[in-house]
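S.K.: The structure follows.
Computed from the coordinates by the stated procedures, all read-outs in this text should not be read as laboratory data. Note that the structure is predicted; figures quoted are calculated from it, not measured. Reconstructed Cβ throughout: ideal geometry from the backbone, glycine too, with neighbour counts over all protein chains shown.
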Amino acid sequence: MGRPDLTEVRQKEILDAFEACVAKYGLEGSSLERVAEEAGMKRSILRHYIGNRDDLIEALAKRVVAKYRTHFQEFLENDSETDRVDRLLALFFPTKPLETAESVMVIESLIAASDQHTTVRMLMLEYVDDLVADTALELRAAYPNATKARCWSVAYGLICIWFNQESLAPLQLPGKYLRAARANAKVLVESLEI
């Protein structure tokens, strides 16, 4: 009887460790040695299951994008009776932030590294493009008289407000900031009624 294939388990352990390191030390401070130590394995095991540092960064980007896409798809599949716009605002501006400062640091590190990693840039750009397009479709369903172009523009504005609010998460801002972001997002969305 052969050994079980540990590839999936090891890759998850390595990516968990890499994500934790990026959250603590940033992308540049997350050496393969540091990741191996966090994962409790030798560096050669990392290279065997993931590859080099660029492969590790790309795998983390794919993981983060998949997580965010899944979260948004779950939102889209929810057949709640709640108004579409209220649901969108609750998704982007929940009363209690869903993301931790650590996960915000990871996504910001990946975005910052995108100028040096073409694949990461393409993954992040595709994710943002899909997110804006899907949000625009939701807005168009809520405001059928608004043009596609206007819905896209408002969707992009919402995403910008959300990303900026999320980027400030490490500051642990008082609730008035989140309420202000949500109120401004609502004003932007309601401009589609005009």
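S.K.: Would you mind checking the tilt of helix 148-167 against the longest principal axis of the Cα atoms of the chain, expressed as 0 to 90 degrees and rounded to 10?
M.R.: 50
S.K.: Here is a further query. Determine the distance separating the Cα centre of the stretch 174-194 from the Cα centre of the stretch 5-26; give it in Å without decimals.
M.R.: Centre-to-centre distance over Cα atoms comes out at 37 Å.
S.K.: Right, here's the next one. Considering the convex hull of the alpha carbon atoms of the stretch 7-118, report its projected area averaged over all viewing directions, in nm², one decimal.
M.R.: Numbers: hull surface 33.2 nm².
Mean orientational projected area (the stretch 7-118, Cα hull): 8.3 nm².
S.K.: Would you calculate the separation in nanometres between label points at R179 and V128, each defined as 7 Å from the Cα along the Cα-to-beta-carbon direction?
M.R.: Roughly 3.1 nm, to one decimal.
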